[in-house]
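Colleague: Structure in structure tokens, see below.
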Amino acid sequence: MTFQSRDHAALAQWRQEHRLALITTSLLLAVQLSACVPARWPAADVESLSLLKQSPINCLLVDSAVWKSDFAAAAKGQGITVLATKQDGSALVVSDSPGGPVRFTLTTRARMPIEHPGEVLGTTQGVWPGVRAEEKGAVQARPSSSPWVDTNSGFLRFTRAVTPPATALWLANTPPENNILGPERYIQAVADAAMAGARWVVALDPGYWALLRKGDEKALAGWTRINSVLKFYEDHKEIAAWPDFSGLAVLQDASSGALMSGSILDMIAAKHIPARVVTPERLPISTPKDVRLLLNIDPSALSQEQKDAVRGVARKGAMVLSGPPAWKMAIPEGDAITFPESSLKQMEDIWREINGVIGRRNFAARLFGAPSMLSNLKGDPASGRLALHLVNYSDYPVENITVHLLGKYKSATLITPTGTKKLEIYDAEDETGIDLDKVTDVAIVILELAQVN
């Protein structure tokens, strides 16, 4: 129905009901989507915005069913963008306002439009990060013999490596149901995404949200702590955007498990071995430089041109480790994002072969004394600086961590949400050693290369 066919009373009523929404959608968003620090917001009352006064969160995803125009206007007055969401099957559709044009869609991993990502590329599928425990509380081991850390970082690192830097990468999974989680678990979710150059869409469990709205002192203190970590990563988002750095490259794509959690890349990361991602499609035109080992997971899937490119890497002096057919994990049907328990034996066999080659080699950095942590090493191509991201997936601080870096570095600086300090460096044969007394939640170590005469 057009405006001309409406009677004047109906048109006036429509204008009144949608006046604020129209104002919001007719102007630019308060925050560009690429700069959004997003959160699912379960309420649409203006009073709830007080929780964001000291928060870097500047983009709220509100269900269309509870959307209120006065809430959107009040949020915009605080520099906060409010987006309307609607569940459509397995996808979360995001618009400027209820019924407005679709801005982007958060869908399953397999349906993510990686080749044409747009402003925001994201998914609602993710494992909940943390150290996995057995039924009686004992820590469960993974095929690599390290504690099994549930993480989305391998999938996110692959996705970040194959999408433009300008595309915002969002992970919009929600907490486990029927639990009131502590701040540590939310910090782990934030950091799990951030160290891969992505953002977790903050989503609080109903119990924690209720405590916040009641003004519970302990819950508010935890919320402050969560926001300090969010701010930490926003303050250092340029560092998180640096590409992964390593002398080890993993050649993989979706067909060889890159969209799964618990993939070969995750098994390598569990041993604190840095790696960079290369896809078969990009290999002929972007052969990785300074690679000492190329792990070719599924050589049978390569075209002749791609196989020639792999040989080119070998001719430059790198070792190429090509997997047999048994290395290719059977991808579960449907929208599964983890391998079933029936695949555990295959994973163990794969890891045994890979670890026999890479286990004791230093491809850029090695960590000792950090079994409940994951790390990711990134490098700035312009300056040569490195950034070692550290995330603690346990609920207790990790102490007495040793890092051995390949090559010589002149300085190391530890950055945490509570401050910055210089670290002492020492020689360790052809490596540079640094020691960390303790990491409570997250940290980044910035490393400056020594000048070589």
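Colleague: How big is Rg to Rh over the chain, alpha-carbon atoms, Rh as the Kirkwood inverse-mean-distance radius? Intermediate results must be reported in sequence, preceding the final value.
Modeller: Details: Rg = 23.5 Å, Rh = 23.5 Å.
Radius of gyration over Kirkwood radius for the chain works out to 1.00.
Colleague: In sequence order, what are the phi-derived ³J(HN,Hα) couplings for the range 157-167 according to the Karplus relation 6.51 cos²θ - 1.76 cosθ + 1.60 with θ = phi - 60°, rounded to whole Hz, with x for glycine and proline?
Modeller: Values per residue, Gly and Pro as x: 5, 4, 5, 5, 5, 10, 10, x, x, 6, 7 Hz.
Colleague: Could you please state how large a percent of the accessible area of the range 291-353 is carbon and sulfur, counting protein chains only and using a 1.4 Å probe?
Modeller: Details: 1870 of 3510 Å².
Percent of accessible area from carbon and sulfur atoms in the range 291-353: 53.
Colleague: Please turn the phi angles of the range 285-297 into ³J(HN,Hα) values with the Karplus equation 6.51 cos²θ - 1.76 cosθ + 1.60 (θ = phi - 60°), one per residue in order, whole Hz, x for glycine and proline.
Modeller: Values, residue by residue: 9, 9, 4, x, 9, 6, 8, 9, 8, 10, 8, 9, 5 Hz.
Colleague: Something else about it: For the range 198-317, report the accessible area per residue in Å² (1.4 Å probe, heavy atoms, rounded to an integer). Mind showing how you got there, number by number?
Modeller: Numbers: 4950 Å² over 120 residues.
On a per-residue basis, the range 198-317 sits at 41 Å².
Colleague: Now a separate question. With axes computed from alpha carbons, what is the tilt in degrees of helix 304-315 against the longest principal axis of the chain, rounded to the nearest 10 within 0 to 90?
Modeller: Tilt relative to the chain: about 50 degrees.
Colleague: If you don't mind, another one. Run the reach check for K68 against lysines, Cα to Cα strictly under 16 Å, same-chain hits fewer than 8 apart removed. What comes back?
Modeller: Leaving aside lysines fewer than 8 places away in the same chain, those within reach of K68 are K76, K86.
Colleague: For the chain, what does -39500 (n - 2.57) per DSSP helix run (n ≥ 4), summed and divided by total residues, give at 222 nm, in deg cm²/dmol to the nearest 500?
Modeller: On the way: 10 runs with 115 residues, N = 453.
Mean residue ellipticity, 222 nm, calculated: -8000 deg cm²/dmol.
Colleague: Quick one: helix 8-26 against the long Cα principal axis of the chain, what's the angle to the nearest 10°, folded into 0 to 90?
Modeller: 30
Colleague: On to the next question. What's the center-to-center distance, using Cα atoms, between the range 46-71 and the range 351-389 in Å?
Modeller: Computed from Cα coordinates, the inter-centre distance equals 39 Å.
Colleague: Next question. Would you grab the residues whose amide H sits under 5 Å from the one on C59? Only those 5+ places off in sequence or on another chain, please, with H modelled 1.01 Å from N.
Modeller: Excluding prolines and chain starts, which carry no amide H, the hits are V37, A39, T81.
Colleague: While we're on this one: At a Cα cut-off below 17 Å, give the aspartates and glutamates reachable from K408, other chains included and same-chain residues fewer than 8 away excluded.
Modeller: Output for K408: D290, D380, E424, D427, E429, D430, E431, D435, E448.
Colleague: Hey, got a sec? Which GluC sites (Glu not before Pro) in the range 332-419 land in a DSSP loop and have at most 15 other Cβ atoms within 10 Å?
Modeller: Values: sites: E333, E341, E348, E353, E399; in loops: E333.
Here the sparse-neighbourhood loop sites are E333.
Colleague: Between E448 and Q78, what is the label-to-label distance in nm when each label sits 7 Å out along the Cα-to-Cβ direction?
Modeller: Each label point lies 7 Å from its Cα, and together they span 4.0 nm.
Colleague: Also, quick follow-up: Give, in nm to one decimal, the length gained when the segment between K68 and I285 is fully stretched (0.36 nm per residue of separation minus the Cα-Cα distance).
Modeller: Values: separation 217, 0.36 × 217 = 78.12 nm, distance 4.98 nm.
Once the chain is fully extended between K68 and I285, it gains 73.1 nm.
Colleague: Separate question: Taking the Cβ-Cβ separation of K408 and E305 as r and a Förster radius of 25 Å, what is the calculated FRET efficiency to the nearest 0.05? Before the final figure, lay out each step's value.
Modeller: On the way: r = 38 Å, r/R0 = 1.54.
The computed FRET efficiency comes out at 0.05.
Colleague: Percent of accessible area on the range 357-453 owned by carbon and sulfur, 1.4 Å probe?
Modeller: Working: 2220 of 4640 Å².
Summing carbon and sulfur atoms, their accessible area is 48 percent of the total for the range 357-453.
Colleague: Counting other Cβ atoms within 10 Å of each Cβ, which trypsin sites (Lys or Arg not before Pro) in the range 399-453 have at most 16 and sit in a DSSP loop? Walk me through the numbers on the way to the answer.
Modeller: Working: sites: K408, K410, K421, K422, K438; in loops: K408.
The qualifying sites are K408.
Colleague: Of all the accessible heavy-atom surface of the range 42-95, with the other protein chains kept in place and a 1.4 Å probe, what percent is carbon and sulfur? Could you put the intermediate results ahead of the total?
Modeller: Working: 1070 of 2250 Å².
The computed percentage sits at 48.
Colleague: Residue separation times 0.36 nm, minus the C-alpha to C-alpha distance between E234 and T418: what's the value?
Modeller: Numbers: separation 184, 0.36 × 184 = 66.24 nm, distance 1.43 nm.
Going from the current span to full extension adds 64.8 nm.
Colleague: Also, quick follow-up: Treating the angle as unsigned and between 0 and 90°, give the value, to the nearest 10°, between the Cα long axis of helix 344-358 and the longest Cα principal axis of the chain.
Modeller: 50
Colleague: Taking the Cα centre of each part, how many Å lie between the range 95-114 and the range 191-257?
Modeller: One Cα centre to the other: 21 Å.
Colleague: In the chain, what percentage of the DSSP-assigned beta bridges are antiparallel, given to the nearest 5? Walk me through the numbers on the way to the answer.
Modeller: Values: 54 of 82 bridges.
Antiparallel: roughly 65 percent of the beta bridges in the chain.
Colleague: Given 0.36 nm per residue, what is the gain on full extension from K214 to A382 after removing their alpha carbon distance, in nm?
Modeller: Values: separation 168, 0.36 × 168 = 60.48 nm, distance 4.90 nm.
Working it through step by step, the gained length comes to 55.6 nm.
Colleague: Place a +1 charge on the Cβ of each Lys and Arg in the chain and a -1 charge on the Cβ of each Asp and Glu, then give the dipole magnitude about the Cα centre in debye, rounded to the nearest 20.
Modeller: Details: 46 positive and 48 negative charges, 142 e Å.
With only Lys, Arg, Asp and Glu charged at Cβ, the dipole is about 680 debye.
Colleague: In the range 52-119, what trypsin sites (Lys or Arg not before Pro) fall in a loop by DSSP, with at most 14 other Cβ atoms inside 10 Å?
Modeller: On the way: sites: K53, K68, K76, K86, R103, R109, R111; in loops: K53, K68.
Those satisfying the criteria are K53.
The values are calculated or read from the model by the stated rules, or taken from the named source; none is laboratory data. Keep in mind that this is a model prediction, so the values were computed, not measured. Here Cβ is always computed from backbone atoms with ideal geometry, including for glycine, and neighbour counts include all displayed protein chains. Accessible surface areas use protein heavy atoms only, side chains included; no ligands, DNA or RNA. Shrake-Rupley method; radii C 1.70, N 1.55, O 1.52, S 1.80 Å.
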